[in-house]
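Some notes on the structure that comes next.
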Amino acid sequence: MTTSDLHNFHAADYAVFGGMLLVSMGIGIYHACAGGKQKSTKDFLMANQSMRSLPVALSVLASFFSASTLLGTPAEIYEYGTQYWISVFGAMLAPVTGSLLFGPMFFKLKVVSVFQYLEERFQSKSVRLFGALIFLVKTIIGMGIVLYGPSTALSAVTTFPEWAVILVVGGVCTFYTTIGGLKAVIWTDVFQTLVMLAGMLAVIIKGAIEVGGGYELWNIADRGKRIEFFRFDLDPHERHTFWALTIGSYFVWLAPYTVDQQMVQRFSSARSLKDAKTALLLNVPFMFILITLCSFTGLVMFAFYADCDPLKTHEVENPNQLLPLFVVELFRDVPGIPGLFVACLFSGAMSSISSMLNSLSAVTWEDFLKLKFYKVSDERATFVTKCL
């Protein structure tokens, strides 16, 4: 494939991608004007504790499954096989733990910042501030990683430079998060989750048809030694084993689904404890579906490139660009679908970034500025968090 082919992004593709950005901005504008108009910190940071379980569930899912998952999981399956899919079983236990053990405690405490709990638990303001500071540093770095991944992917299939993509998408994210508050973040997450699922399904269905159907796809992957499950080897030098994937993935996902600031804010935004617990339990089947779709996409890619590995021919520089290349080649005669896929990737990134932005402003105000400016009115405090 030539460079000109790779950058063959049609007007319809730009329209679909631009439409996703406009809808996200529209949701922010709507929530800036509707209801309480985000004039109180309870509205802006806690969605006025009025959210039902399904939008909260999809928002939590979208926040923790970024473009890194959508790009990285298929690439992992492509290179090393289906063993990685086993991680889904450990991952699904994390939201159960959060729903039954941690979430109810934070819900009853009515904390805006999870680090308020540290001060109450250890009777130490220093512990609270230290925890909050670590969170700020980690989240700012995390936003960079989350946004950079899909930006490299988009620059691989268009003529847009990475810095321009980062500025545009980051700007849109900042806009709707600032004016719409947590309600806008949650509802854009719902929309962006649907875009993610539509993009992945389109790739899987079209890819499976191109390689001759599901049966042939499985046979090609099997001949390429990519089909492997339940390796119970205890050797820690092995890349993936059942034990490492299930136990390891449980602890990887445990913190996000139990004590992470983003999760606690969403849990506290639910209208009741029952809605909050249901929201996390719904993440069990949702995680299974999303990780399975990402894994199956990797198998489709392997079957498609079974006789011509783009990594070996140097058509792409790194595994993260495999999926964008695959989509452009797969849908070269179907304008709009590559745009849907790029929208899918950026939906994963934007949902994570908007959640991080809202959490950053909450922690900065609640754990640092509020301690000094505690006499400030709630309306002025809301204005400050928007500026942050």
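The values are calculated or read from the model by the stated rules, or taken from the named source; none is laboratory data. Remember, it's a predicted structure, so these values are computed and weren't measured experimentally. Cβ placement follows ideal geometry from the backbone for every residue including glycine, while neighbour counts extend to all protein chains displayed. For accessibility, only protein heavy atoms count, side chains too; no ligands or nucleic acids. Shrake-Rupley method; radii C 1.70, N 1.55, O 1.52, S 1.80 Å.
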Q: Could you grab the pairs with beta carbons closer than 7 Å, sequence gap of 6+ or different chains, first residue in the range 206-221 and within 17 Å of Leu293 (Cβ to Cβ), second one open to solvent by 60 Å² or more (accessible area, probe 1.4 Å) and not hydrophobic (A, V, I, L, M, F, W, C)?
A: none
Q: Looking for whichever is buried (at least 18 other Cβ atoms within 10 Å of the Cβ), touching a residue at least 40 places away in the same chain (Cβ under 8 Å) and either out of contact with any helix residue (DSSP H, G or I) (no Cβ under 6 Å at 6 or more places or on another chain) or within 24 Å of Trp243 (Cβ to Cβ) (or both) here; the options are Tyr14, Tyr78. Which one fits?
A: Tyr78
Q) Which of the residues belonging to the range 248-291 are in a helix (DSSP H, G or I) and small (Gly, Ala, Ser)? A) Gly248, Ser249, Ala255, Ser268, Ser269, Ala276, Ala279
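Give the residue that is surrounded by the most Cβ atoms within 10 Å (Cβ to Cβ), with candidates limited to residues of the range 310-322 that are at pLDDT below 90 and within 24 Å of Arg223 (Cβ to Cβ). First the steps, then the outcome.
Taking the range 310-322 as the starting set, the residues that turn out to be at pLDDT below 90 are 311-322.
Then drop every residue that is not within 24 Å of Arg223 (Cβ to Cβ), which leaves 311-313, 315-316, 319, 322.
Numbers: Leu311: 16, Lys312: 8, Thr313: 10, Glu315: 19, Val316: 20, Pro319: 16, Leu322: 25.
Residue satisfying both the conditions and the ranking: Leu322.
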Q: Name the single residue, out of those in the range 44-54 being surrounded by fewer than 22 Cβ atoms within 10 Å (Cβ to Cβ) and either part of a helix (DSSP H, G or I) or of a type in the set (D, E, K, R) (or both), that is nearest to the chain's Cα centre (by Cα).
A: Leu54
Q.
Please determine whether any residue of the range 348-368 is touching a Ser or Thr at 6+ places or on another chain (Cβ under 8 Å), among the acidic types (Asp, Glu) and under 20 Å from Leu58 (Cβ atoms).
A. no
Q) Which of the residues spanning the range 97-118 are open to solvent by 50 Å² or more (accessible area, probe 1.4 Å) and part of a helix (DSSP H, G or I)? A) Leu100, Leu101, Phe102, Met105, Lys108, Leu109, Tyr117
Q: Take the range 27-41 and flag every residue that is buried (at least 16 other Cβ atoms within 10 Å of the Cβ) and without any contact (Cβ under 8 Å) to a residue 40 or more places away in the chain.
A: Gly36
Q.
Anything in the range 269-294 that is hydrophobic (A, V, I, L, M, F, W, C), closer than 16 Å to Trp253 by Cβ and either surrounded by fewer than 24 Cβ atoms within 10 Å (Cβ to Cβ) or within 15 Å of the chain's Cα centre (by Cα) (or both)? List them, or say none.
A. Leu281, Leu282, Val284, Phe286, Met287, Phe288, Ile289, Leu290, Ile291, Cys294
Q | Residues of the range 47-89 satisfying the condition of being of a type in the set (D, E, K, R) and farther than 24 Å from Asp189 by Cα | A | Glu76, Glu79
(Q) Among the residues in the range 337-348, are any hydrophobic (A, V, I, L, M, F, W, C), open to solvent by 10 Å² or more (accessible area, probe 1.4 Å) and closer than 25 Å to Gly72 by Cα? (A) yes
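With respect to Phe302, determine if the residue is touching a Leu at 6+ places or on another chain (Cβ under 7 Å) and either among the aromatic types (Phe, Trp, Tyr) or surrounded by fewer than 20 Cβ atoms within 10 Å (Cβ to Cβ) (or both). Steps first, please.
Details: touching a Leu at 6+ places or on another chain (Cβ under 7 Å): no; either among the aromatic types (Phe, Trp, Tyr) or surrounded by fewer than 20 Cβ atoms within 10 Å (Cβ to Cβ) (or both): yes.
In short, no.
On the given criteria, is Ile166 within 28 Å of the chain's Cα centre (by Cα), open to solvent by 40 Å² or more (accessible area, probe 1.4 Å), under 19 Å from Leu330 (Cβ atoms) and free of Cβ contacts under 8 Å to residues at least 60 places away in the same chain?
On the way: within 28 Å of the chain's Cα centre (by Cα): yes; open to solvent by 40 Å² or more (accessible area, probe 1.4 Å): yes; under 19 Å from Leu330 (Cβ atoms): no; free of Cβ contacts under 8 Å to residues at least 60 places away in the same chain: yes.
Criteria not met by Ile166.
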(Q) Cβ-Cβ distance below 8 Å, separation of 6 or more or different chains: which pairs start in the range 302-316 with a residue that is closer than 18 Å to Glu210 by Cβ and end on one that is of a type in the set (Val, Ile, Thr)? (A) Phe302/Ile77; Phe302/Ile220; Ala303/Val211; Ala303/Ile220; Phe304/Val211; Ala306/Ile220; Pro310/Val316
Q) Can you find even one residue in the range 144-151 that is open to solvent by 30 Å² or more (accessible area, probe 1.4 Å), in a helix (DSSP H, G or I) and in contact with a Leu (Cβ under 8 Å, 6 or more places away or on another chain)? A) no
**Q.** Residue under evaluation Ile227, criteria (1) open to solvent by less than 60 Å² (accessible area, probe 1.4 Å); (2) assigned to a helix (DSSP H, G or I); (3) among the β-branched types (Val, Ile, Thr), criterion not met
**A.** (2)
Q) Can you name the residue in the range 17-36 that is touching a helix residue (DSSP H, G or I) at 6+ places or on another chain (Cβ under 8 Å) and assigned to a loop (DSSP other than H, G, I, E, B) and, of all such residues, is farthest from Glu379 (Cα to Cα)? A) Gly35
Q: Identify the residue in the range 230-251 that is of a type in the set (A, V, I, L, M) and within 22 Å of Tyr78 (Cβ to Cβ) and, among all such residues, is least open to solvent (accessible area, probe 1.4 Å).
A: Leu245
Q: Considering each of Ala198, Ala244, Ala279, Ala202 in turn, give the residue that is modelled with pLDDT of 95 or more and not hydroxyl-bearing (Ser, Thr, Tyr).
A: Ala279
